[in-house]
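A.B. asks: Input: one structure, supplied below.
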Amino acid sequence: MKKWFVIAAITLAASGCSSAPEGVNTFLLPAGKTLTVSHATNQPLLIVRPVEVAAHLAGNGLVYQTSATEMVEAQQNLWGEALAKQLTRRITHDLRQKQHHLWATQLTPTLSTTGASRLQVRINQFNGVYTGVANVAGEWMIIGANGNLQTVHPFEFSVPLAKDGYSAQVEALSTAVGELTTQIANAVK
């Protein structure tokens, strides 16, 4: 009898450890609007380099500013994929939709970057704020095909949250990314 009790206890303990904790939510940035867009052979490339995020944004949890000086990383509300990867993909997608002068594409090892301009985006803020807004701030720069810096633009977008909660925070952050990509698209036209 003791043997069965021990086996049952171990089985219950093992199954409890393998399941996700209750109350954990995972989020992905919503994709931008999609139109049918294809690359024309005469379009120059714009290489979208991997987005750089500040160290306090590189964790798994969504970040929320609780006061003028304090930031917290959520433990139960997590990104479903690394934030930098999501942002790189979203910026590339949006730039293809919002301008047609350059073909935005992510940097890959097989892609020849000779003669292509590069976009580098750095994110210093990507968080909700206790005042009821989501803040996205940083800078973006275009590096020409010859390696010279063509332009640097600091940016800061503040989007009101439609309601309380992390879902609303993600939607507001997504809106701010849309504003950022519109700014970049207008500059590279």
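The values are calculated or read from the model by the stated rules, or taken from the named source; none is laboratory data. All values reported here derive from a predicted model rather than from experimental measurement. Positions of Cβ are backbone-derived with ideal geometry, glycine not excepted, and every protein chain shown enters the neighbour counts. The protein model used for the area step is the full one, side chains on, heavy atoms only, and it has no ligands, DNA or RNA in it. Shrake-Rupley method; radii C 1.70, N 1.55, O 1.52, S 1.80 Å.
A.B. asks: Quick check on segment 140-182: of everything there that is assigned to a strand (DSSP E or B) and closer than 12 Å to Gly128 by Cβ, which residue is least open to solvent (accessible area, probe 1.4 Å)?
C.D. replies: Val159
A.B. asks: How many of the residues in segment 139-164 are free of Cβ contacts under 8 Å to residues at least 24 places away in the same chain and either among the aromatic types (Phe, Trp, Tyr) or within 15 Å of Val63 (Cβ to Cβ) (or both)?
C.D. replies: 1
A.B. asks: So which of Ala134, Ala168, Ala172 ends up being touching a helix residue (DSSP H, G or I) at 6+ places or on another chain (Cβ under 7 Å) and under 25 Å from Val24 (Cα atoms)?
C.D. replies: After ruling out the rest, the residue left standing is Ala134.
A.B. asks: Among the β-branched types (Val, Ile, Thr), in contact with a Gly (Cβ under 8 Å, 6 or more places away or on another chain) and at pLDDT 95 or above: which single residue out of Val48, Val63, Val53 fits that description?
C.D. replies: Of Val48, Val63, Val53, the one residue that is among the β-branched types (Val, Ile, Thr), in contact with a Gly (Cβ under 8 Å, 6 or more places away or on another chain) and at pLDDT 95 or above is Val63.
A.B. asks: May I pose another question? Going by the structure shown, is Ser174 within 22 Å of Val72 (Cβ to Cβ), touching a Pro at 6+ places or on another chain (Cβ under 7 Å) and of a type in the set (Gly, Ala, Ser)?
C.D. replies: When the stated conditions are applied, Ser174 passes them.
A.B. asks: Continuing with this model, one more query. Would you kindly identify the strands (runs of 3 or more DSSP E) lying entirely within segment 43-86 that contain at least 1 residues that are under 29 Å from Gln97 (Cα atoms) and within 12 Å of the chain's Cα centre (by Cα)?
C.D. replies: Result: 61-65, 71-79.
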